[in-house]
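The values are calculated or read from the model by the stated rules, or taken from the named source; none is laboratory data. No experiment lies behind these values; they were computed from the predicted model shown. Cβ placement follows ideal geometry from the backbone for every residue including glycine, while neighbour counts extend to all protein chains displayed.
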Amino acid sequence: MQQPNLRVVENPVDRLARVLEGVLVVASRPLSVAELAAAAGEDGERVETALALLVGRYREGRSGIVLESVAGGWAFRAAREAAKACGRLFDRPVARGLSPAALETLAVVAYLGPVSRPEIARLRGVAADSAVAGLVERGLVAEAGRAGEGGAVRYETTPLFERVFGLAGLDELPDLDDLGGDAAEIRARLESIAERRGA
């Protein structure tokens with residue numbers, strides 16, 4: 001007896017999810033829903049539905065890569081259990097631990113940026129030139145203009161900072177009032193966040 005020719009109907013959300021998966025794999029930075037919609041030739045609402053499907057597919061504990069909303073867009077990153085191996089493979093400057101001076105400087109820039117080196121030095125009580133230069137080299141902070149005409153260069157965090165620390169935006173930073181404690185305690189909290197994120 002001949003088998004009937006069964007036609008499998010493909011779910012359009014699954015197809016769109018595969019397209020978005022491919023786009024996100026080749027992207028060099030987080031992509032917004034609008035950018036993903038333009039690339040896929042779909043509307044934003046359908047893209048958000050497909051992204052929700054992918055988030056479930058690529059989550060901690062289920063996959064070696066994780067899809068998350070960071071730096072104002074969507075991007076894949078290595079799962080926490082794979083972060084150390086990835087760091088060893090590429091020996092990324094960002095993957096090496098940040099010194100206490102760099103963490104303090106990064107916190108000042110993240111919370112108060114754009115901010116100049118003299119302002120950072122005043123807040124930290126020590127010169128900030130070396131720490132700022134190291135953060136610029138790692139791509140975590142960047143120049144953001146000058147303080148007035150001919151004034152000191154000001155610095156702000158970059159999308160890479162948000163991506164490394166798993167933030168969708170700077171509004172996701174912990175509230176300073178909630179941090180409490182002294183500088184050593186705050187430094188320890190920042191180091192703990194960096195370790196959890198694989199920074």
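A few points about this structure:
- Taking the stretch 11-51 as the range and being surrounded by 15 or more Cβ atoms within 10 Å (Cβ to Cβ), over 22 Å from the mean Cα position of the chain (by Cα) and in a loop (DSSP other than H, G, I, E, B) as the test, only E42 passes.
- When residues of the stretch 56-80 are limited to those that are under 19 Å from G169 (Cα atoms) and either more than 16 Å from the chain's Cα centre (by Cα) or part of a loop (DSSP other than H, G, I, E, B) (or both), the one modelled with the lowest pLDDT: A71
- Residue in the stretch 146-165 that is touching a Ser or Thr at 6+ places or on another chain (Cβ under 8 Å), free of Cβ contacts under 8 Å to residues at least 40 places away in the same chain and under 25 Å from S69 (Cα atoms) present: no
- Options A131, A101, A107: the member that is touching a residue at least 24 places away in the same chain (Cβ under 8 Å), within 16 Å of F165 (Cα to Cα) and out of contact with any strand residue (DSSP E or B) (no Cβ under 7 Å at 6 or more places or on another chain): A107
- Scanning the stretch 57-84 for residues that are without any contact (Cβ under 8 Å) to a residue 40 or more places away in the chain and touching a Lys or Arg at 6+ places or on another chain (Cβ under 8 Å) returns E60, S63, I65, V66.
- Selection from the stretch 17-35 of residues that are touching a residue at least 12 places away in the same chain (Cβ under 8 Å), out of contact with any Lys or Arg (no Cβ under 9 Å at 6 or more places or on another chain) and within 18 Å of R163 (Cα to Cα): V23, L24, V25, A27, L31, S32, V33, E35
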